[in-house]
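S.K.: Take a look at this one; I'll ask things after.
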Amino acid sequence: MALTSASDSSDGFLPESEVRFIHGKPVGPPSRATLMVKHIGQLVTMRGPAPRIGPALNDLGILENAGIAVAGDRILAIGPSDEVEGRVPVAPQCELIDAQGGLVTPGFVDSHTHPVFNMTREKEFELRLQGKSYMDIAGAEGGIRASVRDLRASGEETLRSELRKRLDRMLSLGTTTVEAKSGYGLSTRSELMSLETIRYWNERHPIEIIPTFLGAHEVPDEFRSNREEYIKILIEEMIPEVAKQNLARFCDVFCEEGVFTVEETGRILEAAGKYGLRFKLHADELKSSGGAELAVKLGAVSADHLIAVSKPGIKALSSSNTVATLLPGTSYSLGLGKYAPARDLISKGGIVALATDCNPGSNYSESMAMMVSLGCLHYRMSPAEALSAATVNGAVALGLAGERGQLEEGRHADFVVWDAKDYREIPYHYGVNLVTNVVKSGKLVVSDKE
Ligand code: NIG
Ligand code: FE
């Protein structure tokens, strides 16, 4: 739904596009609201520090009977509903949302997904139920390499329409910022195509996408007997080209026994660093191999998965700025019965984020609400801790601390209106979509009115 902004300033008001903020406060002539939400029963602001660490994870900055006024893509005013309505002038085309006493939260920040693929792998889901392991299947006909064979045979159009469906679903489930990895191409041509598909939708879809290059997701079929050659192509061809075309903000490596070793991961990321890419790692997902320790040593923005992280790995993460991104849906969908040590990481002072890992192999789900629910039940996080990990700390895991995942005056206007009165309903009333409205960059992009 498009918003119309007034363009003349003869009445003393600035056009919304010209509203200026200094230290989060609007300056200049009064600006008018282009979107207002009133009658919010419970507004989770997440105002305050980013990241949230330890007990601060429980601090949601809740306001009751609140309202939000938005100008352009920023929050102009936030506070008691009547006061916001009374003090903020309204643009003629202002969008009005009545939350009817319901819940509003920041949009989810899903900081780990692999959404660029065509073929789904439900056959492997069933094989796992029959007792086969993820690595057994990957070593046979399935796994990442099966997705790679399929992606290489798929056209760009198919890939685009498949990605679009996933982005639509994410947005309608309340995710307003998502990280998206390549990693099912594993050749220069198909990795670039995957990242271009991400860029295509980033320029057209309301969801905001942070792209990650994951050419080191696996060693493709044609290099199985010469993995060194593949690493050479990654370092000398793919990374320089991805950087040159500015197609990714992060470089990620699947550092895992049977995939890339700690030594290889270090070499690949070191090369990526020379081209200005920041680091993420798939670390200690199935077996402990020292991935978490390497992530900290390299100053990675995040170390992800950590189901099998070692004690020294927990210690290293807990005294670092590297975010421990936990993906409970992966333990769930792989049927591992083993979950990352979230409580240990939290109590030792680690920065914990929650994300979906949305991918065709180990967890096909776009739902952050479901991850919040799994985080509560399997990590024993409180609903407040899980919600903080899925918003403000998700933003930190994308290098966007203070820029996303928090609702305060002057900050980005990304939020969700829920058919719920209390934030604890998100994990408690699971498996359904309680989202009624989504506002991204100040625009109403999902509406219950349509
Ligand atoms: O995060 N671990 C590596 N990548 C995905 C799985 C990818 C796949 O099986 O297609 C993950 O679990
Ligand atoms: Fe992953």
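S.K.: Suppose the chain between Tyr428 and Val90 were pulled fully straight at 0.36 nm per residue; how much longer would it get relative to their current alpha carbon spacing? Spell out each step's value before the answer.
M.R.: Values: separation 338, 0.36 × 338 = 121.68 nm, distance 3.70 nm.
Computed gain between Tyr428 and Val90 is 118.0 nm.
S.K.: Now for a different question. Would you kindly derive the ³J(HN,Hα) couplings of the range 324-332 from the backbone phi angles with the Karplus curve 6.51 cos²θ - 1.76 cosθ + 1.60 (θ = phi - 60°), listing them in order in whole Hz, with x for Gly and Pro?
M.R.: Karplus values, whole Hz, x for Gly and Pro: 8, 8, 9, 10, x, x, 6, 4, 5.
S.K.: Return the aspartates and glutamates within reach of Lys421: Cα separation strictly under 13 angstrom, same-chain partners fewer than 8 residues apart disregarded; answer none if there are no such residues.
M.R.: Glu64
S.K.: Test of understanding: extend the Cα→C-beta vector of Asn58 to 7 Å, then name every residue of the range 312-349 with backbone N under 18 Å from that spot.
M.R.: Of the residues in the range 312-349, 342-349 have backbone N under 18 Å from the label point off Asn58.
S.K.: Quick check for me: using +1 on Lys/Arg Cβ and -1 on Asp/Glu Cβ, what's the dipole size of the chain about its Cα centre, in debye to the nearest 20?
M.R.: That gives the chain a dipole magnitude of about 640 debye.
S.K.: Within the P(r) computed for the range 303-435, what percentage of the Cα pairs occupies the region above 18 Å?
M.R.: On the way: 4713 of 8778 pairs.
Counting every Cα pair in the range 303-435, those more than 18 Å apart make up 54 percent.
S.K.: Set Lys and Arg Cβ to +1 and Asp and Glu Cβ to -1, take the dipole of the range 294-450 about its Cα centre, and tell me which of Gly431, Ser331, Ser318 lies farthest positive.
M.R.: The Cα lying farthest towards the positive end belongs to Ser318.
S.K.: Next question, about the same structure. Scale the Cα Rg of the range 210-268 by the rule-of-thumb value 2.2 N^0.38 Å and send over the ratio, two decimals. Mind showing how you got there, number by number?
M.R.: On the way: Rg = 11.3 Å, N = 59, 2.2 N^0.38 = 10.4 Å.
Compared with the compact-globule rule of thumb, the range 210-268 sits at 1.09.
S.K.: Full extension from Lys287 to Glu126: what is 0.36 nm times the residue separation minus their Cα-Cα distance, to one decimal in nm?
M.R.: Values: separation 161, 0.36 × 161 = 57.96 nm, distance 2.26 nm.
Contour length minus Cα-Cα distance gives 55.7 nm.
S.K.: With all protein chains present, how much of the accessible area of the chain (probe radius 1.4 Å) comes from carbon and sulfur, to the nearest whole percent? Mind showing how you got there, number by number?
M.R.: Numbers: 8680 of 17300 Å².
Its accessible area is 50 percent carbon and sulfur atoms.
S.K.: For the range 247-372, what relative contact order do you get, as a whole percent, if you take Cα pairs closer than 8 Å and at least 6 residues apart? Intermediate values should be presented prior to the final figure.
M.R.: On the way: 267 pairs, mean separation 22.4, N = 126.
Relative contact order here is 18 percent.
S.K.: Would you kindly state how much longer the chain becomes between Asn65 and Leu377 on full extension, computed as 0.36 nm times their sequence separation minus their alpha carbon distance, in nm to one decimal? Present the calculation step by step, with values, prior to reporting the outcome.
M.R.: Values: separation 312, 0.36 × 312 = 112.32 nm, distance 2.99 nm.
Once the chain is fully extended between Asn65 and Leu377, it gains 109.3 nm.
S.K.: How much of the DSSP bridge set in the chain is antiparallel, in percent, rounded to the nearest 5?
M.R.: Values: 29 of 66 bridges.
Antiparallel bridges make up about 45 percent of those DSSP assigns within the chain.
S.K.: Modelling each spin label as a point 7 Å along the Cα-to-Cβ direction, I'd like the Glu156/Ala140 distance in nm, to one decimal.
M.R.: If labels sit at Glu156 and Ala140, their model points lie 3.7 nm apart.
S.K.: What do you get for the angle between helix 262-274 and the principal long axis of the chain? Use alpha-carbon atoms, 0 to 90 degrees, nearest ten.
M.R.: 50 degrees
S.K.: Here is a further query. Ratio of the range 129-242's C-alpha Rg to 2.2 N^0.38 Å, to two decimals? Walk me through the intermediate numbers first.
M.R.: Working: Rg = 15.4 Å, N = 114, 2.2 N^0.38 = 13.3 Å.
Compared with the compact-globule rule of thumb, the range 129-242 sits at 1.16.
S.K.: A follow-up question, please. Any idea what Rg and Dmax come out to for the range 257-375 if you just take the C-alpha atoms, in Å?
M.R.: 13.8, 39
S.K.: A follow-up question, please. Hey, which of these cross-link pairs are over 20 Å Cα-Cα: Lys297/Lys348; Lys165/Lys440; Lys287/Lys311; Lys287/Lys338; Lys297/Lys338; Lys181/Lys280?
M.R.: Working: Lys297/Lys348 18 Å; Lys165/Lys440 18 Å; Lys287/Lys311 13 Å; Lys287/Lys338 12 Å; Lys297/Lys338 26 Å; Lys181/Lys280 11 Å.
Where the Cα-Cα span goes over 20 Å, the pairs concerned are Lys297/Lys338.
S.K.: Can you list residues whose amide H is under 5 Å from Val435's amide H, if they're 5+ apart or on another chain and H is modeled 1.01 Å from N?
M.R.: Those lying under 5 Å, H to H, from Val435 are Asp419.
S.K.: When ligands, DNA and RNA are left out and all protein chains stay put, how many square angstrom of accessible area per residue does the range 109-396 have with a 1.4 Å probe?
M.R.: Working: 10150 Å² over 288 residues.
Per-residue accessible area for the range 109-396 comes out at 35 Å².
S.K.: Apply the a/c threshold of 1.5 to the C-alpha gyration tensor of the range 109-396 and tell me whether it is rounded, prolate or oblate. Don't skip to the answer; put the middle values down first.
M.R.: Details: a/c = 1.28, a/b = 1.19, b/c = 1.08.
Note, shape of the range 109-396 comes out rounded.
The values are calculated or read from the model by the stated rules, or taken from the named source; none is laboratory data. What you are looking at is a predicted structure, and each value in this text was computed from that prediction instead of being measured. No Cβ is skipped: glycine too gets one built from the backbone with ideal geometry, and neighbour counts run over all protein chains shown. What goes into the accessible areas is simple: the full protein's heavy atoms, side chains included, and nothing from ligands, DNA or RNA. Shrake-Rupley method; radii C 1.70, N 1.55, O 1.52, S 1.80 Å.
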